[in-house]
1. What's the angle, to the nearest 10 degrees (0 to 90), between helix 12-21's Cα axis and the longest principal axis of the chain?
2. Run the helix sum for the chain: -39,500 (n - 2.57) per DSSP H stretch of 4+ residues, divided by residue count, reported at 222 nm to the nearest 500 deg cm²/dmol.
3. Only loop residues by DSSP count here, and only those with at most 15 other Cβ atoms within 10 Å; note down the GluC sites (Glu not before Pro) in the range 1-57 that meet that.
4. How charged is the neighbourhood of Glu156? Take every other residue with its Cβ under 14 Å from the Cβ of Glu156, and add Lys/Arg as +1 and Asp/Glu as -1.
5. Of the cross-linked pairs Lys54/Lys81; Lys5/Lys137; Lys81/Lys103; Lys5/Lys102; Lys102/Lys167, which ones have a Cα-Cα span greater than 24 Å in the structure shown?
6. What is the range 43-182 by shape, rounded, prolate or oblate, if you read a ≥ b ≥ c off the alpha carbon gyration tensor as root eigenvalues and call it rounded for a/c under 1.5, prolate for a/b larger than b/c, and oblate otherwise?
7. Let me check I've understood the local charge: for Lys123, count other residues with C-beta under 9 angstrom from its C-beta, Lys and Arg +1, Asp and Glu -1. What total comes out?
8. Name the shape class, rounded, prolate or oblate, that the alpha-carbon gyration tensor gives for the range 23-84, where a ≥ b ≥ c are the square roots of its eigenvalues, rounded holds for a/c under 1.5, and otherwise prolate holds if a/b is larger than b/c and oblate otherwise.
Amino acid sequence: MLYLKEANLSDAEAEWAFLRDMPENENGVENRWHGCSRETFMSAALPRLLDYAKGENLGEGHVAQTTFFLWADGEIVGLFKLRHWLNDALREGAGHIGYFIKKDCRGRGYGTEGLRLTLERGKDVIPEEEFYLRLYKYNTPSLRVMLKNGGRIVGEDEEHDFVRIPKPRGREESRVEAQEKA
């Protein structure tokens, strides 16, 4: 079973091990806690993750952000960061969501399903009508993940593609829209 779970105290050991081993920066997803000790994770990293999810103690230029861990069969296989709103830097940069799947877990659909779950969790959080995402042009697996989740490329620069994904609609919204078309 695959599911998302917010960073929390109960799973701190597994979260620490995952972030400790996750690269510092891969494909634009930054991990400032790479290689950190358990003590540093418990005293600095986890409190920061929990505060940011509540929009508290944000660093200058930062926005509220929920960190989700993607779990499969009792182990963390990925990380998804959901930024609750966009400032100018995020609007022109990283956007609402950044994600990472462990190397040995790639190619199994975890990215696609994890992004779908993150979009679902974020649809009532972000004020925009669409999710903004950015990726390196060479990261075609991530582009496939985004496209499978309804994304479309809306722009590019020398290094990046910019993708927008409409907010998922709930069953009620889909039913009402279908009735209006009938």
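FYI, it's all coordinate maths here, none of it is from the lab. As the structure is a prediction and not an experimental result, all values here were calculated from the model. Neighbour counts run over all protein chains shown; Cβ positions are idealised from the backbone, glycine included.
1. Relative to the chain, helix 12-21 is tipped by roughly 90 degrees.
2. -9000 deg cm²/dmol
3. Working: sites: Glu6, Glu13, Glu15, Glu24, Glu26, Glu30, Glu39, Glu56; in loops: Glu24, Glu56.
Filter output for the range 1-57: Glu24, Glu56.
4. -1
5. From the list (Lys54/Lys81; Lys5/Lys137; Lys81/Lys103; Lys5/Lys102; Lys102/Lys167), the Cα-Cα distance tops 24 Å for Lys5/Lys137; Lys102/Lys167.
6. Values: a/c = 1.30, a/b = 1.22, b/c = 1.06.
It comes out rounded by the Cα gyration axes.
7. Result for the neighbourhood of Lys123: +1.
8. Verdict is rounded for the range 23-84.
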